[in-house]
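Working notes, beginning with the structure itself.
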Amino acid sequence: MIVTTPAEFVDAWSPERFPLQAAATARAAFLVAPYGFALAAESATDNRYMAMTEDVDSLRALAEHAALAAALRTCLPTIVFPGDPSTPDAVFPNNVFATAPGRLVVGAMRHGVRRREAARADIRGFFRDLLNYEIVDLSTQSLVAELTGSLAIDRARGIGFCGLSERCDLAGARAMHEAFGLKLTFCFALARGEYHTNVVLAPLASRAAIMAPDGFAEAAAADAIARVYGEHVLRLDSTQKAAFAGNAISLSPDSVWMSTRAAAALQPAQRAALADWGFGLRSVGLAEIEKSGGSLRCCVGEIY
């Protein structure tokens with residue numbers, strides 16, 4: 001079922017209709033190293049989080065990324081694919097490659113610099129030939145679907161929250177709903193200037209959520225999503241959103257990962273709330289990588 005208004009979502013949602021049935025967190029992760037790290041001017045046309053006026057240090061980005069991979073390996077198996085200077089945004093693979101159990105989904109990217117990533121034979125081959133995953137290729141279709149950048153998924157319930165923007169149209173949302181095998185997808189407009197849902201919304205192990213209400217075009221859409229998680233909703237202000245506190249991910253039932261900058265933006269009461277909900281806060285410094293307009297969650301491809 002796909003719904004497109006807050007009222008339709010409220011009518012469709014209930015804990016009885018959508019119980020916790022599947023795994024809430026991934027069994028492994030994959031990253032793409034920022035080799036030849038640079039800022040892609042094409043992507044900056046609709047990503048206001050990119051620091052286009054600042055210099056970037058490719059060696060520092062590589063060091064940050066290596067530290068991220070090492071930290072994630074303390075939580076779950078983590079694979080790192082090589083980067084390519086011709087695809088500078090590839091450090092954020094979750095927008096191009098994502099998985100459901102037994103299935104690799106390849107996204108349909110808006111920008112040409114990112115469409116080159118979708119053609120990578122090594123990542124496709126890893127999932128197809130080594131893991132025996134079916135490949136669902138959206139990259140050849142006439143739509144825009146930037147996977148878990150645009151689509152935040154409550155995995156245990158099979159519910160997708162899809163923010164529509166230049167990076168995802170309604171046809172793309174429908175294609176992702178089918179590709180990920182979702183039971184319910186709520187499509188809503190992001191606020192003007194927002195490019196990806198995963199900057200403004202992060203479901204945490206299907207039992208809590210972080211959200212930035214001002215990232216939604218309609219407050220009612222954020223309120224409707226919050227109903228799923230009850231009192232376990234961490235609401236961010238605009239400053240915290242800009243620090244990427246919404247670009248977070250749970251990679252185990254007892255952890256939430258975000259960048260050091262994002263974690264520093266949280267108030268003590270917000271940190272305490274995460275702890276009360278059973279989430280240990282894990283952070284890694286990504287200041288250089290964040291100049292590219294994404295943060296920790298964007299760096300992580302999940303393997304289900």
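All of the numbers you see were taken from the coordinates with simple rules; none came from a lab. All of these numbers come straight from a predicted model, not from anything done at the bench. Note that we place each Cβ from the backbone using ideal geometry, even for glycine, and neighbour counts take in every protein chain shown.
For the options D254, D276, D154, a Gaussian network treatment of the chain with springs between C-alpha atoms closer than 10 Å singles out D276 as fluctuating the most. Please find, in a Gaussian network model of the chain (springs between Cα atoms separated by less than 10 Å), the residue of T74, T99, T53 whose mean-square fluctuation is greatest. Of T74, T99, T53, the most mobile in the Gaussian network model is T53.
Under a Gaussian network description of the chain, with springs only between Cα atoms under 10 Å, the residue in C168, C187, C75 that fluctuates furthest is C75.
Computed over neighbours whose Cβ is under 15 Å from that of L76, the net charge equals +3, Lys and Arg +1, Asp and Glu -1. Look at D137, D122, D169 and count the other Cβ atoms within 10 Å of each Cβ; fewest to most, that gives D122, D137, D169.
Taking 8 Å as the Cα distance limit and 6 or more residues as the minimum spacing, I'd like the relative contact order of the range 2-303 as a percentage. Answer for the range 2-303 is 23 percent. Each DSSP beta bridge with both residues in the chain is either parallel or antiparallel, and the antiparallel ones are about 45%.
Where does the charge balance sit around E64 when Lys and Arg score +1, Asp and Glu -1, over other residues with C-beta under 12 Å from its C-beta? In short, 0. Placing unit charges on each Cβ (+1 for Lys and Arg, -1 for Asp and Glu) gives the range 91-152 a dipole about its Cα centre, and among V113, G102, S142 the Cα reaching farthest toward its positive end belongs to V113. Here is how the number arises for the chain: DSSP H runs of 4 or more residues each give -39500 (n - 2.57), the sum is divided by the residue count, and the result at 222 nm is -7000 deg cm²/dmol.
Between V56 and E134, the C-beta separation translates, for a Förster distance of 22 Å, into a calculated FRET efficiency of about 0.05.
In the range 74-135, which chymotrypsin sites (Phe, Trp or Tyr not before Pro) are in a loop and have at most 10 other Cβ atoms within 10 Å, using DSSP for the loop call?
none
The shape of the chain comes out rounded: with a ≥ b ≥ c from the C-alpha gyration tensor, a/c is under 1.5.
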